[in-house]
Every structure is written in structure tokens, then in C-alpha cells.
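Written below as C-alpha cells is the structure these notes are about.
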Amino acid sequence: MHPMAILTGASSGIGAAAAEQFVAAQFTVINLSRRACPVPGVRTLTTDLSDARSMDESCEALSEIVTEQGAPSVCLVHNASLMLKDRCDSTADEAMLQALSVNVLGINTLNRALLPLLPHTSSVLYVGSTLSEKAVAGAYSYIVSKHAQLGMMRATCQDLMGRGIHTALICPGFTDTAMLRQHVGNDADVLSSLGEMNSYGRLVAPQEIADLIFWAHHHPAINGAIMHANLGQLEH
Ligand SMILES: NC(=O)c1ccc[n+]([C@@H]2O[C@H](COP(=O)([O-])OP(=O)(O)OC[C@H]3O[C@@H](n4cnc5c(N)ncnc54)[C@H](OP(=O)(O)O)[C@@H]3O)[C@@H](O)[C@H]2O)c1
């Protein structure tokens, strides 16, 4: 019986890199996102995390899959997020709700459907951000929701005490993915200057975060931990 990995947002970037690692390790891999995962062998349940009906359908399908497969271990990776450009003094409630629906409520819905079904030795891994513990200007709803994900991880650790399921928050720094590129308007100079903001003078590779996700699933000693992965970011 193969272990299972369930990831959100494995259609690109960090999620796709993590899916690749789990496939290589013979996991049954399921992705939830609007676009399909490009990695061969991954099954995508087409899902919009911000849409209640889409979430209901996917949660029902996932519950059946998890129950039927009886995998010895499940790694649930809350990876998808929406990053808007907004500020604390002008964000419309609708925009805040949009960010929270993907970055917080989507996680909550999946947790409610899946956590009661997860066997001993499973893990619930949250992909947060450097911005789970600090703030910069111009990313208000993202920062609010990344801080919320930290709280969700800590509460997961406490609420699942004794279940043999561990959790962690993996916090990437500037990582070379579509999200970062879009956020800076695909400006090569800005991307390069962001890469200069750490000890190694480059962006983090999505595969480096995927390595940590894979490692975290296999190391319950980190239960409740925040793992920063930013190559040693320069502090101002
Ligand atoms: N890149 C960075 O510098 C950086 C830094 C810190 C933290 N992170 C975190 O890393 C995680 C992965 O991001 P990434 O950098 O790999 O970005 P990415 O390549 O843009 O991937 C984002 C993923 O989120 C999914 N997603 C977004 N909205 C969704 C929705 N409504 N329903 C379902 N899926 C949705 C996308 O899938 P579809 O579009 O196919 O739906 C996509 O697969 C995020 O949590 C992000 O906050 C990234």
C-alpha cells in the first residue's frame, strides 16, 4: 500500500516541485487547483479553493479516495495561496474576503473534511512565508492570511495532540515561481535585486522548498515548528 500526498496548488511552482518528489518516492499524489498538475502520475481534482461548491465536490471525492485507499500515511500540504497587491488603508472587504477564502477558508474546509480520516504517521504541512512573521508594505491581505496560517499550524499541533499526526509551517523566502514574478511585474531587475537580499545572492529554487516539504513529512520531531527557508535573508 502506497503512502499518499494531497497538495493544493501543485499546478505550478513549489507545489509542482513537491508533487514531483512525492511521485518519485512512490506516493499516490493528488493535486487540488484550477489547472492540472504538469507532473506525470499526479491526479488533479480540478478545484477552486475560493468556491464553496467546488470545495464541497473535491472534499467529497477526497474523503472517498482516502477512505478507499487506506494509505498507511498521508501528507496533506496546504500550499496554494493568492497574493494581491493591497494596503491596510484601502483594501475593500471583497478583496480581503477573496484572499482569505483561498488562503484561510480553503485550508479550513480541507482540514474539516480530511483530518478526521488521516492515519497515524500522517502530516499536515502549511506553506507559509517569510511574511508569516513579518510585514512589508503593499501586501496587506497576503500578510494577514500568512499570519493566519501560522496560527492554524500552531492550533493544528495542539488540537491533534496524541493522534500521531505532525504539522509544520514551511516559510519560503523569495522563490523563483510565477507568484513572485507576477508580483514584481516580471521585472528582471527587481527579481535580481530580490535575489541579492540573502546570503547566497540568488532566489530560492522551488525544488529547495519541495525538499523541505518532503523531509518535513518524514520527521515528526518538528511537530509545531516554523521552518524558514530563505537562504538567510538580509534584515534592514
Ligand atoms: N514564490 C515566492 O517567493 C514565495 C514566497 C513565500 C511563500 N510562497 C508561498 O508558496 C506557495 C506556493 O506558491 P508559488 O510561489 O509556488 O506560486 P505559484 O507557482 O504561482 O503557485 C500558486 C499555486 O496556487 C494555486 N492557486 C491559487 N489560487 C487558487 C485557487 N483559487 N484555487 C486553487 N488553487 C489556487 C495555483 O493553482 P491554479 O492557478 O492552477 O488554481 C498554483 O498552483 C504559496 O503559499 C505562496 O504564498 C511563495
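What residue, of ASN198, ASN186, is over 26 Å from VAL74 (Cβ atoms) and either of a type in the set (Phe, Trp, Tyr) or surrounded by 17 or more Cβ atoms within 10 Å (Cβ to Cβ) (or both)?
ASN198
Six or more apart or on different chains, Cβ under 9 Å: which pairs go from a residue in segment 164-190 that's on the phi > 0 side of the Ramachandran plot to one that's of a type in the set (Val, Ile, Thr) and open to solvent by 10 Å² or more (accessible area, probe 1.4 Å)? Could you list them?
Within 9 Å, the pairs are GLY164/THR121.
Say we look at segment 177-220 and pick out the residues that are in contact with a Leu (Cβ under 8 Å, 6 or more places away or on another chain) and closer than 19 Å to LEU82 by Cβ; which of these is nearest to the ligand (Cβ to nearest atom)?
LEU180
Might you let me know whether segment 206-221 holds any residue that is open to solvent by 30 Å² or more (accessible area, probe 1.4 Å) and either farther than 23 Å from GLY9 by Cβ or hydroxyl-bearing (Ser, Thr, Tyr) (or both)?
yes
Which of (1) open to solvent by less than 80 Å² (accessible area, probe 1.4 Å); (2) more than 24 Å from CYS75 (Cβ to Cβ) does ALA178 not meet, given it meets every other one?
The single condition ALA178 does not satisfy is (2).
When you go through ALA92, ALA61 one by one, which is the residue that is closer than 26 Å to PHE27 by Cβ and more than 17 Å from the chain's Cα centre (by Cα)?
Result: ALA61 is the single residue among ALA92, ALA61 that is closer than 26 Å to PHE27 by Cβ and more than 17 Å from the chain's Cα centre (by Cα).
Given the criterion of a type in the set (A, V, I, L, M, F, W, C), open to solvent by 10 Å² or more (accessible area, probe 1.4 Å), within 11 Å of the ligand (Cβ to nearest atom) and touching a residue at least 40 places away in the same chain (Cβ under 8 Å), identify the matching residue among LEU49, LEU45.
Going through LEU49, LEU45 in turn, just one is of a type in the set (A, V, I, L, M, F, W, C), open to solvent by 10 Å² or more (accessible area, probe 1.4 Å), within 11 Å of the ligand (Cβ to nearest atom) and touching a residue at least 40 places away in the same chain (Cβ under 8 Å): LEU49.
How about segment 12-39: which of its residues are over 18 Å from VAL66 (Cβ atoms), within 16 Å of the chain's Cα centre (by Cα) and in contact (Cβ under 8 Å) with a residue 60 or more places away in the chain?
Within segment 12-39, SER12, GLY13, ILE14, GLY15, ALA16, ALA17, ALA18, GLU20, GLN21 meet the criteria.
Confirm whether GLY162 is small (Gly, Ala, Ser), within 30 Å of GLY70 (Cβ to Cβ) and open to solvent by 20 Å² or more (accessible area, probe 1.4 Å).
In short, yes.
The values are calculated or read from the model by the stated rules, or taken from the named source; none is laboratory data. Predicted model only: the values in this text are computed from it and were never measured. A quick note on method: Cβ atoms are made from the backbone with ideal geometry, for glycine too, and the neighbour counts reach across all protein chains shown. Each accessible area value is taken on the protein alone, full model and side chains, heavy atoms only, with ligands, DNA and RNA left out. Shrake-Rupley method; radii C 1.70, N 1.55, O 1.52, S 1.80 Å.
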